[in-house]
Every structure is written in C-alpha cells, then in structure tokens.
Amino acid sequence: MTDSPPQPNALPHDFFDRDAQVLAQDLLGKVIRHKVGDLWLSARIIETEAYYFAEKGSHASLGYTEKRKALFLDGGHIYMYYARGGDSLNFSAQGPGNAVLIKSAYPWVDPVSGPASLAQMLLNNPDAQGRPRPAQKLCAGQTLLCKALGLKVPQWDAKRFDPERLLVEDVGVPTVNVIQTTRLGIPLGRDEHLLYRFVDAAYAPWCTRNPLRRGQVEGRDYFLLS
C-alpha cells in the first residue's frame with residue numbers, strides 16, 4: 001500500500017481582502033494549484049500587477065458590467081477574461097473594482113504536485129510546433145500560465161476558490177527581493193506610468209518581460225524592494 005499524497009492548504013479568503021498593491025506583493029512566492037483529474041497542477045507566482053477602480057489602466061475603470069462583476073465582489077473572487085486569444089487569471093482585492101492580475105509563474109513540483117503533474121502541464125501547453133516548452137517558459141505569461149494549469153474562463157470567472165479544485169497555498173518558501181516597476185501593455189494615457197507590477201527578483205529572467213534586462217536602470221526603470 002502506498003501513502004496518498006498530502007493535501008494542500010488553501011489561503012483563507014481574508015488573505016485577499018487587502019489593498020491591491022499589498023496583495024500583489026504578498027502573492028509572490030505563493031503557489032496556485034488546480035486539480036485536474038487526480039493531479040494537482042501547480043505553479044509558483046513570480047509576477048503580478050495591481051489594478052484599481054480609480055485608475056485608467058483597469059478593466060473596472062470602464063464601469064460595472066455582468067462580465068466584470070467579479071472585480072466588484074469581495075476580495076478573493078476570481079476574475080477571468082480573454083486576452084490575446086487566451087485565458088487570464090485575476091483575484092479581486094479589497095475595495096470594489098480593485099484586483100491583482102497573475103502575470104506569470106514558474107512550474108512547481110513537490111509532494112503534492114509531483115513529476116506527473118509537471119508532465120501534464122507540459123502536455124497542456126506545447127509550443128507553436130507542438131513540442132514541449134522548456135519548463136522555465138511554461139508559465140511565462142498570463143495566458144501561458146492559464147493554459148499550463150488548465151484554467152478556463154467559463155469554469156472559474158466570478159467564482160470563489162474551491163479547496164478541492166482550485167486554491168492558492170503558502171508553501172513556506174518566501175520571496176526575498178521584489179522588483180517594482182511599470183505594468184505591461186497599458187496604452188498611452190491610461191496611467192501607464194504607475195509602478196504597479198511586482199516581480200520575484202530570483203525569477204526575473206522567466207517573467208513576462210525581464211525588468212533586469214540589459215539597458216534597464218535601477219531607480220529609473222525599476223526599484224528593488226527587500
């Protein structure tokens with residue numbers, strides 16, 4: 001007889017009921033787990049973006065609609081939408097219209113999510129030629145992350161977390177240094193200057209766009225938080 005794998009421990013709903021920037025930083029290093037069949041597919045969050053109702057870069061600033069209702073619900077609701085042909089994952093934060101976009105992550109393997117889980121994620125998200133992606137690039141973007149984890153808008157938009165199916169867990173591996181910089185893909189004139197993107201410095205090469213790439217200057221293009 002073999003021992004069953006340990007069960008993950010979901011963060012409580014009140015963890016998410018905080019200021020969007022605080023939540024965006026504290027989500028770094030946490031692990032998203034999505035159960036597909038008997039497997040927990042898992043990824044460590046390495047890049048997030050905060051959004052507020054009052055600034056022009058947010059979906060909520062366009063006003064309440066049924067599609068955007070999750071943004072106006074209590075902290076800890078899931079807001080999913082389609083971006084560039086793929087699914088994107090967000091969590092509502094404290095205050096109506098405030099949220100955090102999960103921008104990228106890194107595959108996570110542990111006793112809960114073993115090699116079989118990683119193998120399934122690789123199958124979920126092949127490259128354009130149908131070949132397995134390098135593991136470090138598997139979740140390097142908001143739509144790649146959702147594809148690898150098997151997360152779909154119709155299944156999860158405006159839902160709460162489900163400890164049996166989808167959760168975020170603190171696995172006790174802290175983020176030591178955080179990079180703060182501007183968000184990506186914000187049109188000119190829509191508060192593109194705001195420093196609302198946060199990156200785990202140890203994983204910077206594998207986020208959507210490396211804030212430490214050549215030509216970037218600390219204190220001008222990004223700030224290093226400890």
For this session: Starting from segment 155-173, keep only residues that are over 20 Å from P5 (Cβ atoms), then list their pairs with residues that are outside any strand (DSSP E or B) whose Cβ atoms are within a distance under 6 Å, requiring at least 6 positions of separation or different chains.
Result: A158/K69; A158/A70
Exercise. Out of segment 38-86, which residues are of a type in the set (G, A, S) and either without any contact (Cβ under 8 Å) to a residue 40 or more places away in the chain or within 21 Å of D191 (Cα to Cα) (or both)?
Worked result: A50, A54, G57, S58, A60, S61, G63, A83
Exercise. Quick one: is A20 closer than 22 Å to L145 by Cα and of a type in the set (A, V, I, L, M, F, W, C)?
Worked result: yes
Problem set entry | Breaking point among (1) part of a loop (DSSP other than H, G, I, E, B); (2) more than 25 Å from V153 (Cβ to Cβ); (3) within 12 Å of the chain's Cα centre (by Cα), for L28 | (2)
Problem set entry | Every residue from segment 152-190 that is hydrophobic (A, V, I, L, M, F, W, C) and closer than 13 Å to I45 by Cβ | L167, V168, V171, V173, V178
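Each value in this text was obtained by applying a stated rule to the coordinates, not by laboratory testing. Not measured: the values here are computed from a predicted model. Glycine gets a Cβ as well: all are built from the backbone with ideal geometry, and neighbour counts include every protein chain shown.
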